[in-house]
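Structure, as structure tokens:
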Amino acid sequence: MLQQGYPLEIIARMTGGKLTGEPGNTMIEELLTDSRKLTSPERTLFFAIVTPRNDGHQYIGELYRKGLRCFCVSKLPGISLPDAVFIEVSDTLEALQQLAAAHRASFSVPVIGITGSNGKTIIKEWLWQLISPEKTIVRSPKSYNSQIGVPLSVWQMKSLHNLAIFEAGISQPGEMEHLHRIIRPTIGILTNIGHAHDQYFSSQEQKTNEKLKLFPGVELLVYNSDDTLISDCINKSGLKKESLFDWGRSEHARLRITGIEVEKTVTTINSIYSGKNLSIEIPFSDEASIENAIHCWAIMLTFGYGPDVTASRMKKLTRVAMRLEMKEGINGCSVIDDAYSSDPDSLAIALDFMVQQNQHHKRTVILSDMMQGSPDEAGLYKVIAGLLSDKGVNKLIGIGPALMRHRELFTMEKSFYPSTEAFISGFKSISFRNETILLKGARIFEFERINQLLQQKSHETILEVNLNALVHNLNYYRTLLNPGTKLMAMVKAFSYGSGSFEIANALQFHRAGYLAVAYADEGVELRKAGISLPVMVMNPEESGMEAMLHYSLEPEIYNFRSLQMLRKAMGSFGNPSESEILIHLKLDTGMHRLGFEESDLEDLCKILQESPKIRVQSVFSHLVGSDDPGLDAFTRHQISLFSQMTEKLEKKLGYGFLRHILNSAGIARFPEAQFSMVRLGISLYGISTDPEEQKMLETVTSLKTSISQIKTIQPGETVGYSRAWTAGKTTTIATIPIGYADGLSRRLGNGKGKMLVNGQLAPVAGNICMDMTMLDITGIDAAEGDEVTVFGEELPIAGLAKAMDTIPYEILTAISRRVKRVYFQE
């Protein structure tokens, strides 16, 4: 591929599409499937992908208004778009894959294809660490290994690359053939076979055979022959024996593993290869890392790397950062930490994440030199400069001699330093205020030192919030919705303790229909942070009416008093937008907490008809027990009453409105009552009362801390206030920095609560203190500084709630704001 891209006429031929419009001299360099990530409209082609949950065609108008003119579609839009050019195909996903496959066919460089259940991304990144000093490598960004991710990865191949490494992931039969046609690997790695997506395969053998469909025609396939499932399937696959490179403990393995010695955090692996004794040392001790390292070792041997070079580089392998983390920074800043690698592909992903954050207008990037071999250094940094400019970066702080050499390429506010040390010596905290800061540096630059300077200081207890899991749960519930049904996401109570803005921002980016908060000040906070989604305020107070009018927040109106408060506020403060005031009427169908009753409707409609500036946006009610089959008859009674009452309102008011009665539990159990919108609350955060539904959700929040001190006490000695806990034997006690001031309930004291220490449960010893808690870790191999999980994926919050005789809602909403929230996206 030429550096400047492909003409649209050529792309039309590659995809088998029909060209409509005048393409002119347009050269396509970038492919877009996510309309939210547009950065360079003049050289981008948008593929309007159609999925069961979404249809890319609905975003064509929005993209056109942003300056994009080139579209690949399966149906032409019904509106006039002057100067737009369309490539019309029967299937846009298939066209994307055909384009990527045709692009791949123009290269003859070695291509490594990696598949398996686990380890794909680690192996890919480690191979990049090991081989990039000699090779200019293109690789899948992060874990782009899907039917859409693979073609976008392969599209990145350019003439300067002399090695490609791509991941391939499948979730059901029939998918790998498509990925094989795109990647066409010359070298293959099959990592292992786990239980992910088991429900879509008849057996583990079928899953293995499906994954092997990536490898027809490979010159080399690396695999672990100790895995009998993989070995048996490969032997029956018809792959040429001369292409197979197996490793394992068998004396027949090409790379025979003769010994593995683990000592604390270091592992020595001994082997025999081609009759020679070889060994490597890696700075990891877990089984997964050992397996991943041997796969990489096999590739290095086949590439001809000598034992000394291989051993030296293996010893320096670094942990792969699988996620971007966002933390609270100094002076009102937000800090995005991706300070473990620095290359154009991962930089583009980090910048995309940065662009999603709307709380600050100013975007600052602290960037190190790109630590990869490139024959054209000036060309590399020209690409980097264009990337920063396209993503709207306001300020660059460049660290490293290469960036200093090419400083003239960067047009934004900028400053440069020869080293991290030089930056730190001149650091002034006042220079950073109310901005989003991305840290993106190669490990050799030790950007963690900069991260420490920029982070808001707090104690060691953190609440991790997994934004990928949040989006997964959002999309799971979307699959349950009837066509056209909107989704309102509840972000009240600090988003169930998870952080209001950050959660709202993710929901806005992923196009939730509505947000709901408890009080006006929560909505104001969201508006000030750049959230533009419609927001319903569920508990409007008279003191907050002016703010609701000013910030276009939509109050819940549940009685005549709240309606009168709104009318009074409109008379006193006016309506800044001069448009209609949207309200949400609450009906009482059986909860008997808040809401208009059926006998109120006549008078309610009369008042609304006398208030033309007030318009009903939605009407809703609360179900009493949608999660309880024993209450299903009453739930259906509520739904029936709600239907009757809303029909009366619509007839009286003379116009339609949104209707919603279902909460999280009701979405799946009462699909006939989804009406025009549903409300998603705690299940969005990965918590369901239905065991089967719980299996489909991912954990969003994890509360973690670390061991401050370990001590040994003797039988008869006591722990904590009031001497409430007595040791019955010689006992090891760990003190951790979390207490009831952080939201940890005192009900968990004296053995009622348990926490996870190095994979083992440790009961609470003594009473919970204000800032500290003691654990009995007798028999657990632990050291001061080790991580402790209060709740999370491996220790579900439901168990903690059961020990407290409460519900997960109470635990999440009780977590103090002094506990630092760390948001991450893989």
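Say we look at the range 706-718 and pick out the residues that are open to solvent by less than 50 Å² (accessible area, probe 1.4 Å) and under 41 Å from the mean Cα position of the chain (by Cα); which of these is farthest from Leu800 (Cα to Cα)?
Step by step, filter the range 706-718, then rank; the result is Ile710.
Looking only at the range 665-674, count every residue that is in contact (Cβ under 8 Å) with a residue 40 or more places away in the chain and open to solvent by 70 Å² or more (accessible area, probe 1.4 Å) and tell me the total.
So the answer is 1.
From the residues in the range 262-278 that are over 36 Å from the mean Cα position of the chain (by Cα) and assigned to a loop (DSSP other than H, G, I, E, B), which one is surrounded by the most Cβ atoms within 10 Å (Cβ to Cβ)?
This residue is Ser274.
Say whether the condition of being exposed (fewer than 13 other Cβ atoms within 10 Å of the Cβ) and not acidic (Asp, Glu) is met by at least one residue in the range 279-288.
Checked against the condition, which is being exposed (fewer than 13 other Cβ atoms within 10 Å of the Cβ) and not acidic (Asp, Glu), the range 279-288 yields no hits at all.
Taking the range 624-659 on its own, how many of its residues are open to solvent by less than 10 Å² (accessible area, probe 1.4 Å), part of a loop (DSSP other than H, G, I, E, B) and either in contact (Cβ under 8 Å) with a residue 24 or more places away in the chain or closer than 14 Å to Lys486 by Cα (or both)?
1
Yes or no: the range 525-538 includes at least one residue that is in a helix (DSSP H, G or I) and of a type in the set (Ser, Thr, Tyr).
No, every residue in the range 525-538 fails to be in a helix (DSSP H, G or I) and of a type in the set (Ser, Thr, Tyr).
Here are some conditions: (1) open to solvent by 40 Å² or more (accessible area, probe 1.4 Å); (2) touching a Lys or Arg at 6+ places or on another chain (Cβ under 8 Å); (3) under 26 Å from Phe107 (Cα atoms); (4) not hydrophobic (A, V, I, L, M, F, W, C). Pro216 meets all but one. Which one does it not meet?
Just one mismatch for Pro216, condition (2).
Out of Leu662, Leu703, report the one residue that is surrounded by 20 or more Cβ atoms within 10 Å (Cβ to Cβ) and in contact with a Leu (Cβ under 6 Å, 6 or more places away or on another chain).
Testing whether each residue is surrounded by 20 or more Cβ atoms within 10 Å (Cβ to Cβ) and in contact with a Leu (Cβ under 6 Å, 6 or more places away or on another chain) leaves just Leu703.
Can you work out which of the residues in the range 591-604 that are under 15 Å from Leu563 (Cα atoms) and in a loop (DSSP other than H, G, I, E, B) is least open to solvent (accessible area, probe 1.4 Å)?
Filtering first and then ranking leaves Gly595.
Are any residues in the range 446-467 open to solvent by 30 Å² or more (accessible area, probe 1.4 Å) and either under 13 Å from Gly686 (Cβ atoms) or not in a loop (DSSP other than H, G, I, E, B) (or both), and if so, which ones?
Matches in the range 446-467: Glu448, Arg449, Gln452, Leu453, Ile462.
In a loop (DSSP other than H, G, I, E, B), free of Cβ contacts under 8 Å to residues at least 60 places away in the same chain and open to solvent by less than 10 Å² (accessible area, probe 1.4 Å): is that true of Leu68 in this structure?
Criteria met by Leu68.
State which residue pairs qualify: first residue within 17 Å of Arg746 (Cβ to Cβ) and inside the range 757-784, second residue of a type in the set (Asp, Glu) and open to solvent by 10 Å² or more (accessible area, probe 1.4 Å) in any location, beta carbons under 9 Å apart, and separation of 6 or more residues or different chains.
Every condition considered, the pairs that remain are Pro763/Asp776; Val764/Asp776; Ala765/Asp776.
Restricting to the range 468-502, what's the tally of residues that are on the phi < 0 side of the Ramachandran plot, part of a helix (DSSP H, G or I), modelled with pLDDT under 90 and open to solvent by less than 40 Å² (accessible area, probe 1.4 Å)?
Adding up the residues that qualify gives 2.
Would you mind listing the strands (runs of 3 or more DSSP E) fully within the range 80-146 where at least 3 residues are of a type in the set (A, V, I, L, M, F, W, C) and open to solvent by less than 50 Å² (accessible area, probe 1.4 Å)?
Those strands (runs of 3 or more DSSP E) span 85-88, 111-115.
Look through Pro307, Pro401 and report the one residue that is surrounded by fewer than 18 Cβ atoms within 10 Å (Cβ to Cβ) and touching a Pro at 6+ places or on another chain (Cβ under 7 Å).
Pro401
I'd like the residue in the range 766-783 that is assigned to a strand (DSSP E or B) and among the hydrophobic types (A, V, I, L, M, F, W, C) and, out of all such residues, is most open to solvent (accessible area, probe 1.4 Å).
Across the range 766-783, the extreme among qualifying residues is Met774.
Just to be sure before I move on: is Ala516 under 26 Å from Thr699 (Cβ atoms) and either among the acidic types (Asp, Glu) or not in a loop (DSSP other than H, G, I, E, B) (or both) in the structure I sent?
Taking the combined requirement at face value, the residue satisfies it.
Taking only pairs six or more apart or across chains, which ones have beta-carbon atoms under 7 Å, a first residue in the range 391-416 that is of a type in the set (Asp, Glu), and a second residue that is assigned to a loop (DSSP other than H, G, I, E, B) and open to solvent by 10 Å² or more (accessible area, probe 1.4 Å)?
Matching pairs, first to second residue: Glu413/Asn394.
Kindly indicate whether Val383 is modelled with pLDDT under 90, under 28 Å from the mean Cα position of the chain (by Cα), farther than 22 Å from Ile137 by Cα and open to solvent by 30 Å² or more (accessible area, probe 1.4 Å).
It is false that Val383 is modelled with pLDDT under 90, under 28 Å from the mean Cα position of the chain (by Cα), farther than 22 Å from Ile137 by Cα and open to solvent by 30 Å² or more (accessible area, probe 1.4 Å).
Say we look at the range 540-590 and pick out the residues that are acidic (Asp, Glu) and open to solvent by 60 Å² or more (accessible area, probe 1.4 Å); which of these is farthest from Leu662 (Cα to Cα)?
Step by step, filter the range 540-590, then rank; the result is Glu578.
Yes or no: Ser231 open to solvent by less than 50 Å² (accessible area, probe 1.4 Å), closer than 19 Å to Arg249 by Cα and free of Cβ contacts under 8 Å to residues at least 24 places away in the same chain?
In short, yes.
Please pick out the residue among Thr20, Thr44 that is under 12 Å from Ile87 (Cβ atoms) and out of contact with any Pro (no Cβ under 6 Å at 6 or more places or on another chain).
Thr20
Just for the range 424-442: of the residues that are out of contact with any Leu (no Cβ under 9 Å at 6 or more places or on another chain) and assigned to a helix (DSSP H, G or I), which one is most open to solvent (accessible area, probe 1.4 Å)?
For the range 424-442, the residue satisfying everything is Ile430.
Please specify each residue of the range 720-738 satisfying the condition of being open to solvent by less than 20 Å² (accessible area, probe 1.4 Å) and within 28 Å of Lys820 (Cα to Cα).
Within the range 720-738, Ile733, Ala734, Ile736, Pro737, Ile738 qualify.
Taking the condition of being open to solvent by 40 Å² or more (accessible area, probe 1.4 Å) and either part of a strand (DSSP E or B) or aromatic (Phe, Trp, Tyr) (or both), how many residues in the range 8-49 meet it?
5
Filter the range 682-700 for residues that are of a type in the set (Gly, Ala, Ser) and either within 19 Å of the chain's Cα centre (by Cα) or surrounded by fewer than 19 Cβ atoms within 10 Å (Cβ to Cβ) (or both) and give the result.
Ser683, Gly686
Anything in the range 234-259 that is under 39 Å from the mean Cα position of the chain (by Cα) and open to solvent by less than 40 Å² (accessible area, probe 1.4 Å)? List them, or say none.
Within the range 234-259, Ile234, Leu239, Ser243, Leu244, Phe245, Asp246, Trp247, Gly248, Leu255, Ile257, Gly259 meet the criteria.
The values are calculated or read from the model by the stated rules, or taken from the named source; none is laboratory data. Keep in mind that this is a model prediction, so the values were computed, not measured. A quick note on method: Cβ atoms are made from the backbone with ideal geometry, for glycine too, and the neighbour counts reach across all protein chains shown. In case anyone asks, the SASA skips ligands and DNA or RNA and just uses the protein heavy atoms, side chains included. Shrake-Rupley method; radii C 1.70, N 1.55, O 1.52, S 1.80 Å.
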